[in-house]
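None of the figures in this text is laboratory data; all of them are computed from the coordinates on show. Fair warning: this is a prediction, and the values are worked out from it, not measured in the lab. All Cβ positions, glycine included, derive from the backbone under ideal geometry; neighbour counts span all protein chains shown.
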């Protein structure tokens, strides 16, 4: 079977209030489309000749198709064949989830995800065993690593064409599972935060004095957002077992106060009451009785006294592509050298 | 009663509901009355988009100004223009907000900070910049809001105004009411850069997109952009994505929409129903309280329609009055 | 106390006096200060021809240089006018109204009427008009008829420094939107102008020369040409009365009709193109109001039905000359001397 890769590019990430309250960037649609084209070119160079894309009405598709047509008119042969999934477009995160499900069923070798933490979360809900590799186009991204998308595309192409062994290519990841009342379980890839806002509203987390409890899969002082709060207290790696739980309070009344970058350009005083490691498989019951639950930085569910809440960390929950490991393996094994079958033709 | 989880008091929640219901009732009633043939001219209905006007206007006072669109009834009601005067205006009567000389597309009430609905798409943007400039000179902390649709977002006037507002750091908010259609043409077809936040950032303005059917999302985002503008933090763009329940104008057969689009929108994207469910479930407001408002609003609109129908048209001498202050 | 100053200085003086008198008067336009954000000197230009030079230092912050976005800033001036300011927006060349016409035509002109009398829009839009500056077709047209056609607007076009000052002061104090047309070839034209503020009411034409044989009606630069023509005609013993309309909307029909009733002859001189112009407007009105007094067919001396040419040879043929005016007057008035 010829190698096929899926691409889920979310046109609506990074449009929230953090552009107003902080100086968060907004990667333009044309830039997102150019990223897709760079990934496509890299995939083609590695011999991937079929790509499944998520349809959307946000403008990426039009730019990508124009780019491919122009390249074809110039006889460049830079891009693989593209097919769009047959699915309705709702313009919500549900599209990414649905696309991931359809790609899993189509047995793609990997899914390249363009978006923020929220988009990645939507994909992970349904990608199952299919490995994903992320490209950050969102706001408060802790999950996808920052890297030139061409390199991400090359790594995905090598893995899809079966030239890198699985034990090198893939990393396993933790995730959080949240149950609120009788609702179906929700997941988070990086953090679950409980805040006192009793409404979802504009979703973004930006008023630090509403933060009460925080659960993270990893704690990283090198990122921004909720994971940074935990990371600045005590770093926990993505590949370490267990996560971390932090009790928070308004800075004015808290035991200790931490300055943390909770959004791009927004460094706020965070009141810290307590923290502890969070072993996998153990359900935690938060203390906050009413407010809302934020998943990976966005308020998603409001709750009150009548809702039981539990947060559980799961190990080995899904697979991601280890791009640095793949590229090092490729270098050591001469996969990019002239003569290496498919690469050579593609670079000719 | 449970503790109120919302950023608005109970009275404010009821006020928001009353405003949204008034707009809906006003528009649904116009839809019926227009079909009877009693209403002259063009009428563009705002039903489905009520949370946008209301969530924004809850943050404004009479010193703040808005420049509206051809689809302006919702903006007028939310900004406090008298419903009886509006209805009479739409019927072309002397008791109308503009003495019957403006009609649906030109309702204005400057005493309420309502600078006019506007039949020219995008024309409100420069005017709002001017109002904001006046506020800046006066130091009255006034904020101006200009509304325009996804269609008018492609008008040069709008783009020029974003640049001017950025250059002069004017307290003006650009609100894109994105209902997906410029008259009958899809936003997918007509707008090359599909995100209005992209547009804004092209002019160095912060922009935010919210679900325009979610009153609380609009309210929170609007509150923040308006607060910033008021305190000297400069202009912003707010995009509200929403659904237009009726056609572009009354009489539009809407053949360009998907077959069940209006039904699905009414079932899943009704901002008023979403709001009512939410505040009731939260136990802050009872069904009886909402029901009382519905009754009150129905009576108000009944009365406004009856009064408008019975009112006298303008006298012939009105043909040439009000052209100038003095001539 | 009067002294001789140019029309350019007179306009500057009118702005100065009104800005001093009324803090709501602001001035905006492209390069009206000049050099904004640039490394060189402040107030670098004071307008493209220096009309607003020096005001920036006197009224810091009240002269706003704008981006090259006529729709945005003319619209902003109109919006600010509805909110209690008295903005004077400079459109540089009236030809540029093409890019912001909506704000003038559909907004400023119509607010008061559409809103049932509840709005007032005291905005002044100053702009250069007219040919003779070798500025070619897009910087030279006399577009006064276009604006005169629109109800809700007032249109002013002075012919000299004295009138320019008094009319601009009136325009700023006026509660309606005013299109204030400044002929660029009159900027250097000097007359006696009092130093103090004075307002010339709109709709009052001025009889700049009295005569009994023929009435010559004009406005702007061609008033000066009409006066030259009257001198020439006097040598042929034809006594021409010259009327300067000063404002085209409102227009002083009474003065025009009374004059024609006494002379029986009309020549209208208009630098605008001939169709649907001030010339046709005046001729038609006189024909309707004073038909029985007319001893000859009204004559129209206008620019041709063509854009303004660039070549100086052609452009000099474009604007009605004193000779052409005199010839038109002679044609209908020569038998007056014979009589």
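Counting Cβ atoms of other protein chains within 10 Å of each residue's Cβ and taking the mean over peptide B:153-160 gives 4. Between the alpha-carbon centres of the range B:181-214 and the range C:27-106 there is a gap of 30 Å.
Calculation over all alpha carbon pairs of chain B in 10 angstrom steps from 0 returns a P(r) of 6, 27, 35, 24, 8, 0, 0 percent. Within the range B:10-320, antiparallel bridges make up roughly 10 percent of the DSSP beta bridges whose residues both belong there. Computing FRET efficiency as 1/(1 + (r/R0)^6) for residue A:274 and residue B:280, where r is the C-beta to C-beta distance and R0 is 41 Å, gives about 0.65. Between the alpha-carbon centres of the range A:169-199 and the range A:66-125 there is a gap of 24 Å. Determine the shape class of the range B:146-305: with a ≥ b ≥ c the square roots of the Cα gyration tensor eigenvalues, call it rounded for a/c under 1.5, and otherwise prolate if a/b is greater than b/c, oblate otherwise. Judged from the Cα gyration tensor, the range B:146-305 comes out oblate (a/c at least 1.5, b/c at or above a/b).
Projected label points at residue A:182 and residue B:317, each 7 Å from Cα along the beta carbon direction, are separated by 7.0 nanometres.
What is the gain in length, in nm to one decimal, between residue C:327 and residue C:149 on full extension, counting 0.36 nm per residue of separation less the C-alpha to C-alpha distance?
Details: separation 178, 0.36 × 178 = 64.08 nm, distance 2.92 nm.
So the extension gain works out to 61.2 nm.
The simple Förster model, with R0 at 60 Å and r as the Cβ-Cβ distance, assigns residue A:65 and residue A:282 a FRET efficiency of 0.80.
Cα centroid separation, the range A:6-48 to the range B:80-157: 38 Å.
Go through B:127-140, A:246-259, A:309-322 and give me the packing order, highest mean Cβ count within 10 Å leading. Provide the component values of the computation, followed by the final result.
Values: B:127-140: 25.1, A:246-259: 16.3, A:309-322: 19.6.
The most tightly packed comes first, giving B:127-140, A:309-322, A:246-259.
How far is helix A:149-160 tilted, in degrees, relative to the longest principal axis of the Cα atoms in chain A, given as a value from 0 to 90 rounded to the nearest 10? Between helix and principal axis, roughly 70 degrees. Note on residue C:316 and residue A:107: the model spin-label points, each 7 Å out from Cα along the C-beta direction, lie 9.0 nm apart. Helix A:323-332 and the long axis of chain A differ in direction by around 40°, with both axes built from C-alpha atoms. For the pair residue A:31 and residue C:237, label points projected 7 Å from Cα toward Cβ lie 8.6 nm apart. Taking a point 7 Å out from the Cα of residue A:168 in the direction of its Cβ, the residues of the range A:119-162 whose backbone N falls within less than 19 Å of it are A:131-133, A:151-162.
Binning all Cα-Cα separations of the range A:175-315 at 10 Å, short to long from zero, yields these whole-percent fractions: 13, 48, 34, 4.
If R0 equals 45 Å, the separation of the Cβ atoms of residue A:75 and residue A:147 corresponds to a calculated FRET efficiency of about 0.90.
Rg then Dmax, both in Å and based on the Cα atoms of the range B:96-139: 11.9, 35.
Take each peptide in B:200-208, C:178-186, count the other Cβ atoms within 10 Å of every residue, and average; sorted highest first, the result is C:178-186, B:200-208.
Beta bridges from DSSP with both residues in the protein assembly as shown: antiparallel share about 45 percent, rounded to the nearest 5.
Which one of A:283, A:228, A:33 has the biggest mean-square fluctuation once chain A is modelled by GNM with Cα springs under 10 Å? Comparing A:283, A:228, A:33 in a Gaussian network model of chain A, the most mobile one is A:283.
Per residue, how big is the convex hull of the range C:78-170 when only Cα atoms are used? Give it in Å³. Can you show the working numbers first?
Details: hull volume 9.2 nm³, N = 93.
Per-residue hull volume (Cα only) is 98 Å³.
The average projected area of the protein assembly as shown, computed from the convex hull of its Cα atoms over all directions, is 48.8 nm². Of all DSSP bridge pairs formed entirely within chain C, close to 25 percent run antiparallel. The tail of the calculated P(r) for chain C beyond 33 Å holds 26 percent of all Cα-Cα pairs.
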